[in-house]
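Written below as structure tokens is the structure these notes are about.
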Amino acid sequence: MYTPAQNRYETMTYRRCGKSGIRLPLISLGLWHNFGGVDTLENARAMLRRAFDLGITHFDLANNYGPPPGSAEENFGRLMEQDFRPFRDELIISSKAGYLMWPGPYGEWGSRKYLIASLDQSLGRMGLDYVDIFYSHRPDPETPLEETMMALDFAVRSGRALYAGISSYPADLTRKAAEILKSLGTPCLIHQPSYSMFNRWIEPDLLTALRDTGMGSIVFSPLAQGLLSDKYLGGIAAGSRASKPHGYLRPEQITDDKLTKVRALNELALARGQSLAQMALTWVLRHPEVTSALIGASRVEQIEDAVGAIHQPRFSSDELSRIETILAG
Ligand SMILES: NC(=O)c1ccc[n+]([C@@H]2O[C@H](COP(=O)([O-])OP(=O)(O)OC[C@H]3O[C@@H](n4cnc5c(N)ncnc54)[C@H](OP(=O)(O)O)[C@@H]3O)[C@@H](O)[C@H]2O)c1
């Protein structure tokens, strides 16, 4: 039987999610990789337990996480039942729909038909009565935004979800989505965009849109899938994401140009007394609009390393400009 650490709320910091009543841990854990049918359930269990012991109260899923698609939710459901059922009210569990899940015209994108059917399937796989956050996983260029937002509103009103979220929506659509959801009476809690030192698309417009709409945000792949650590400096190690056939990080993305930057960033991190992964997390969390950094992990130690980032020193202006110089190449 799992007994969580008594002191689990003593070290984590929680940040308010936009203008909502919810506070999220600065570090959240996503189950995209390493929790699927191809992975080891006992390792998944160890990571979830350690995360919760360290005050990580938010686990992020989606219908398609695996592989195979759906298997991360199934595994999470097993672990929920065996370990976490008594702690359901201490957890924020999210899921999403938007990418391909089943054949035919109703198995992906943003129709009400797909979103609600998918959410019901996710709840079944996880053995939950409700998720805390349900996301539209990606904007659909063909479905009217009103329909997608009405589906999120319905998910909340019908008790399947407590809050609505959007993922990877550009700034203009974010503003429109927020307006529609507000008019329906279900404010948009949160945006989930990608963001890291190597992927800064949210900086020009989206951060302002988040501030203006009062939405919080949780940024995914803050370590650029592991590139922003020291793990690829000696080549592609066996067992790393880039080494796996189903890993989303492909070896050709690990270019010499990236590695030169990683090496320089690693030196700066060490001079600050932290690991590069920790520095990359401190860096995304420097924006008040970023509520939480959504990491992935393949081992318990990576979660411990990430949580170690939350009490690290803020950046001096000199350090920030050195990072800019390194990233500019
Ligand atoms: N909304 C969306 O469209 C979307 C898209 C993608 C992801 N997400 C969410 O974001 C979550 C995180 O994404 P991500 O896994 O790409 O995030 P990430 O934190 O950038 O990358 C995680 C990977 O980095 C490596 N790593 C982590 N900590 C490390 C450390 N201390 N030292 C060295 N390597 C370390 C591990 O790779 P190894 O396996 O190589 O050890 C780990 O699996 C997902 O689980 C999912 O919930 C959402």
Whole-Hz Karplus couplings 3J(HN,Hα) for region 318-329, θ = phi - 60° and coefficients 6.51, -1.76, 1.60, Gly and Pro as x, run 5, 5, 4, 6, 5, 5, 4, 4, 4, 5, 5, x
Classify region 8-117: rounded, prolate or oblate, from the alpha-carbon gyration tensor (a ≥ b ≥ c, eigenvalue square roots; a/c under 1.5 rounded; otherwise prolate if a/b is larger than b/c)?
oblate
Expressed as a whole number of Å, what is the distance separating the alpha-carbon centroids of region 252-272 and region 4-56?
27
Which residue, chosen from S118, C17, L31, occupies the Cα position most advanced towards the positive end of the dipole of region 1-142, where the dipole is computed from +1 (Lys, Arg) and -1 (Asp, Glu) charges on Cβ about the Cα centre?
C17
Cα-based equivalent ellipsoid, region 80-223: semi-axes from gyration tensor eigenvalues, Å:
23, 19, 15
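Are there trypsin sites (Lys or Arg not before Pro) in region 1-62 that DSSP puts in a loop and that have at most 16 other Cβ atoms within 10 Å, and which ones?
Numbers: sites: R8, R15, R16, K19, R23, R45, R49, R50; in loops: R8, K19.
Filter output for region 1-62: K19.
Averaging over all projection directions, find the projected area of the Cα convex hull of region 255-329 and quote it in nm² with one decimal place.
Result: 5.6 nm².
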Using the per-residue mean of other Cβ atoms lying within 10 Å as a proxy for protection, in what order, highest first, do the peptides 92-100, 111-119, 267-275, 232-240 fall?
92-100, 111-119, 267-275, 232-240
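Taking a ≥ b ≥ c as the square roots of the Cα gyration tensor eigenvalues, with a/c under 1.5 meaning rounded and otherwise prolate when a/b beats b/c, else oblate, which class fits region 272-315?
Values: a/c = 2.38, a/b = 1.28, b/c = 1.85.
It comes out oblate by the Cα gyration axes.
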Name the residue farthest towards the positive end of the dipole of the chain from the options L207, G107, G247, assuming +1 on Cβ of Lys and Arg, -1 on Cβ of Asp and Glu, about the Cα centre.
L207
How many nm is it between the label spots at H246 and A5, if each spot is 7 Å from the Cα in line with the beta carbon?
3.0
Per the Debye formula with a single identical scatterer at each Cα and no solvent contribution, what log10 I(q)/I(0) holds for the chain at q = 0.15 Å⁻¹?
-1.31
Give the cross-link partners of K258 among the lysines, using a straight C-alpha distance below 25 Å as the criterion and excluding same-chain residues fewer than 8 apart.
K231, K244
Restricting to DSSP loop positions (anything but H, G, I, E, B) with no more than 10 other Cβ atoms inside 10 Å of their own Cβ, which trypsin sites (Lys or Arg not before Pro) remain in region 293-329?
R314
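Using the count of nearby Cβ atoms within 10 Å as a rough guide to exposure, how do T148, T291, T255, T208 rank from fewest to most? If you can, show how the numbers build up before the last one.
Working: T148 25, T291 30, T255 11, T208 14.
If I rank by nearby Cβ atoms, fewest first, I get T255, T208, T148, T291.
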Fewest first, what order do F52, F35 take by the number of other Cβ atoms within 10 Å?
F52, F35
Tabulate in residue order the Karplus-calculated ³J(HN,Hα) for region 113-120, using 6.51 cos²θ - 1.76 cosθ + 1.60 with θ = phi - 60°, rounded to whole Hz; enter x for Gly and Pro.
3, 5, 4, 6, 4, 5, 4, 4
Taking the Cα centre of the chain as origin, sum charge times position over the Cβ atoms of Lys and Arg (+1) and Asp and Glu (-1), and report the length of that vector in debye to the nearest 20.
260
List the residues, sorted by chain then number, that are 5 or more residues from H58 or on another chain and whose placed amide H is less than 5 Å from its amide H.
L29, I92
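Rule-based calculations on the coordinates, nothing more; no lab input. Just so you know, these numbers come straight off a predicted model, no measurement behind them. All Cβ positions, glycine included, derive from the backbone under ideal geometry; neighbour counts span all protein chains shown.
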